[in-house]
Amino acid sequence: MNQSLEKMEKMRSTIRTAIHGKDDVIDMVMCAVFAKGHILLEDIPGVGKTTLVTALAKVMDLDYKRMQFTPDVLPSDVSGFTMFDKTTNQFTFKEGAVYTNLFLADEINRTSPKTQSALLEVMEEGHATVDGVTRYLPKPFMVIATQNPIGASGTQKLPESQLDRFMVRLSMGYPSHESAVTILKGDSHKTIEGMERVISKDEILAFQEEVENTKIKESLYDYAVSLTEATRNTDTFALGLSPRGSIALIKMAKAHAFLEGRDFVVPEDFKAVFYPIANHRIILSTKSKACGMNIESALNLAFDSVKVP
């Protein structure tokens with residue numbers, strides 16, 4: 001565990017050289033990676049979403065592909081297609097963009113629902129079926145999708161059932177004044193180019209297994225269910241957390257414990273990961289909106305209503 005903790009700290013410090021003042025976001029991204037989850041980055045343009053993903057790929061030595069989603073991107077561009085090769089007189093398979101370790105789906109809400117569904121199916125199953133043949137994706141595999149929360153022109157909003165496939169939704173936000181000055185002084189492109197590999201693909205898989213084996217008491221399973229029920233049995237929310245949300249809560253709590261150097265989960269781990277897991281899975285009720293309540297305050301209220309074991 002000590003060696004793992006050293007690796008985690010080196011990963012953090014290396015990524016920080018390109019992403020300034022966003023330690024909480026870096027930690028949540030690392031948690032999602034080791035919990036085998038997918039990430040939705042929802043933020044305004046130009047705050048470093050792509051820089052973060054590129055830095056992550058460098059540090060983890062992952063094969064990395066980026067696709068800019070536009071209205072004319074087809075499902076076959078994502079999952080692949082078969083075509084007739086005249087030289088061999090046979091049909092050959094052309095891999096889609098998802099055949100990689102880390103796939104960045106840029107502006108996922110600007111493509112058609114059919115293409116969104118193709119990607120989300122691959123995320124859920126870990127393989128793609130084209131013309132009746134199932135092909136598995138390399139391991140580790142994860143998707144980081146981005147979308148802009150403003151500027152709805154030409155966008156296709158992800159429905160709740162598809163948002164649920166993402167383990168966490170994160171927002172980087174504007175940098176602080178000090179971080180903005182540091183960004184202006186540096187050159188993030190050159191920093192990423194010279195970034196060293198910290199862990200290998202095999203180590204990632206080993207760490208993911210360690211996270212799965214992280215110990216958790218029976219009372220904390222009950223605590224996780226109570227937290228999700230706190231978003232259902234109330235008139236604060238029109239839509240509460242799904243069972244998939246409960247599973248994500250357990251996985252992310254284990255990953256957070258792992259990042260903290262522990263092989264067991266404590267209640268504080270749930271507090272650290274609750275908002276990133278829940279904020280895209282719930283819908284505020286009309287009553288809550290009328291009272292001026294936002295998602296963060298509503299989730300804090302739900303979390304605080306549950307007794308800590």
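Laboratory data are not the source of any read-out in this text; all were calculated from the coordinates shown. The structure presented is a predicted model; accordingly, all values stated were derived computationally and were not measured. Here Cβ is always computed from backbone atoms with ideal geometry, including for glycine, and neighbour counts include all displayed protein chains.
Round to the nearest 10 and give me the degree value, 0 to 90, for the angle of helix 49-59's Cα axis relative to the longest principal axis of the chain.
Tilt relative to the chain: about 80 degrees.
Report the residue, chosen from Ala255, Ala55, Ala298, that carries the largest GNM mean-square fluctuation when the chain is represented by alpha-carbon nodes joined by springs under 10 Å.
Highest fluctuation of the listed residues: Ala298.
Most fluctuating residue of Asn109, Asn89, Asn213 in a GNM of the chain with Cα springs under 10 Å: which is it?
Per the Cα network of the chain with a 10 Å cutoff, Asn89 tops the list.
Using a Gaussian network model of the chain with C-alpha springs under 10 Å, which one of Gly48, Gly132, Gly194 is most mobile by mean-square fluctuation?
Looking only at Gly48, Gly132, Gly194, the biggest GNM fluctuation is shown by Gly132.
Taking a temperature of 25 °C and a viscosity of 0.890 mPa s, what whole-number D in µm²/s does Stokes-Einstein yield for the range 1-134 with Rh from Kirkwood over alpha carbon pairs?
Numbers: Rh = 16.8 Å.
Translational diffusion coefficient: 146 µm²/s.
As a quick test, which of the pairs Lys58/Lys251; Lys114/Lys254; Lys7/Lys49; Lys7/Lys94; Lys22/Lys287 have an alpha carbon distance above 27 angstrom in this structure? Present the calculation step by step, with values, prior to reporting the outcome.
Values: Lys58/Lys251 24 Å; Lys114/Lys254 34 Å; Lys7/Lys49 23 Å; Lys7/Lys94 37 Å; Lys22/Lys287 34 Å.
Check vs 27 Å cut-off fails for Lys114/Lys254; Lys7/Lys94; Lys22/Lys287.
Within 10 Å of each residue's Cβ, count the other Cβ atoms and sort Ser79, Ser4, Ser179, Ser200 from fewest upward.
Values: Ser79 23, Ser4 19, Ser179 15, Ser200 12.
Sorted ascending by nearby Cβ count, the order is Ser200, Ser179, Ser4, Ser79.
Set the Förster radius R0 to 35 Å, insert the Cβ-Cβ distance between Ser112 and Ser297 as r into 1/(1 + (r/R0)^6), and round the FRET efficiency to 0.05.
Details: r = 35 Å, r/R0 = 0.99.
That gives a FRET efficiency of 0.50.
From the phi of every residue in the range 39-46, what ³J(HN,Hα) in whole Hz does the Karplus formula 6.51 cos²θ - 1.76 cosθ + 1.60 yield, where θ is phi - 60° and glycine or proline is x?
Listing the rounded values in order: 10, 10, 9, 10, 6, 5, x, x Hz.
Taking θ = phi - 60°, what integer Hz values does the Karplus form 6.51 cos²θ - 1.76 cosθ + 1.60 yield along the range 127-133, in sequence order, with x for Gly and Pro?
Those phi angles translate into 7, 10, 10, 10, 6, x, 10 Hz.
Over the range 157-309, what number does the Rg to Rh ratio reach, with both radii from the alpha-carbon atoms and Rh per Kirkwood?
Numbers: Rg = 18.5 Å, Rh = 17.7 Å.
Dividing the radius of gyration by the Kirkwood radius yields 1.04.
Over the alpha-carbon set of the range 88-157, work out the extent along each principal axis and list the three values in angstrom, largest first.
48, 28, 18
So, in nm, how far is label Thr82 from label Thr134 when the simple model puts each one 7 Å beyond its Cα toward the Cβ?
For Thr82 paired with Thr134, the spin-label model returns 1.7 nm.
Give a residue-ordered list of calculated ³J(HN,Hα) values for the range 294-309 (Karplus: 6.51 cos²θ - 1.76 cosθ + 1.60, θ = phi - 60°; whole Hz; x for Gly, Pro).
9, 4, 5, 5, 5, 5, 4, 5, 5, 5, 6, 7, 9, 5, 6, x
When only Cα pairs under 8 Å and 6 or more residues apart are kept, what is the percent relative contact order across the chain?
About 23 percent, as a whole number.
Any idea what diffusion coefficient the range 231-302 gets from Stokes-Einstein, in µm²/s, Kirkwood Rh on alpha carbon pairs, 20 °C, 1.002 mPa s? Walk me through the numbers before you get to the answer.
Numbers: Rh = 12.9 Å.
For the chosen part, D equals 166 µm²/s.
Considering the Cα positions of the range 35-91, please state its Rg to one decimal place and its Dmax as a whole number of Å.
That works out to 16.8, 49 Å for Rg and Dmax.
If you filter the range 229-309 for trypsin sites (Lys or Arg not before Pro), then keep DSSP loop positions with at most 12 other Cβ within 10 Å, what is left? It would help to have the intermediate numbers written out before the result.
Numbers: sites: Arg232, Arg244, Lys251, Lys254, Arg262, Lys271, Arg281, Lys287, Lys289, Lys307; in loops: Arg232, Arg262, Arg281, Lys307.
Sites meeting the loop and neighbour criteria: Lys307.
Could you tell me which of Ser76, Thr182, Val53 has its Cα farthest along the dipole of the range 2-202 towards the positive end, charges placed at Cβ (Lys, Arg +1; Asp, Glu -1), taken about the Cα centre?
Farthest along the dipole direction, towards plus: Thr182.
Helix-only mean residue ellipticity at 222 nm, the chain, DSSP H runs n ≥ 4 weighted -39,500 (n - 2.57), per residue, nearest 500. What is it?
On the way: 14 runs with 143 residues, N = 309.
Counting only the DSSP helices, I get -13500 deg cm²/dmol.
Among the listed pairs Lys139/Lys215; Lys65/Lys86; Lys201/Lys271, which have their C-alpha atoms separated by more than 26 angstrom in this model?
Numbers: Lys139/Lys215 24 Å; Lys65/Lys86 29 Å; Lys201/Lys271 29 Å.
Violating the 26 Å limit, Cα to Cα: Lys65/Lys86; Lys201/Lys271.
Expressed in nm², what is the orientationally averaged projection area of the convex hull enclosing the Cα positions of the range 188-268?
Values: hull surface 32.9 nm².
If I average the Cα hull's projected area over directions, I get 8.2 nm².
If you rank His38, His127 by fewest surrounding Cβ atoms within 10 Å, what's the result?
Values: His38 21, His127 14.
Ordered by Cβ neighbours within 10 Å, fewest first: His127, His38.
Charges at C-beta only: +1 for Lys and Arg, -1 for Asp and Glu. How large is the resulting dipole of the chain about its Cα centre, in Debye rounded to 20? Please report the intermediate quantities before stating the final value.
Details: 35 positive and 40 negative charges, 70 e Å.
In total the dipole reaches around 340 debye.
Taking N as the number of residues in the chain, what value does Rg over Cα atoms divided by 2.2 N^0.38 Å take? Working shown, then result.
Values: Rg = 20.1 Å, N = 309, 2.2 N^0.38 = 19.4 Å.
Expressed relative to 2.2 N^0.38 Å, the Cα Rg reads 1.04.
Between Glu124 and Ala180, what length comes free when the chain is fully extended (0.36 nm per residue of separation minus the Cα-Cα distance, one decimal in nm)?
16.4 nm
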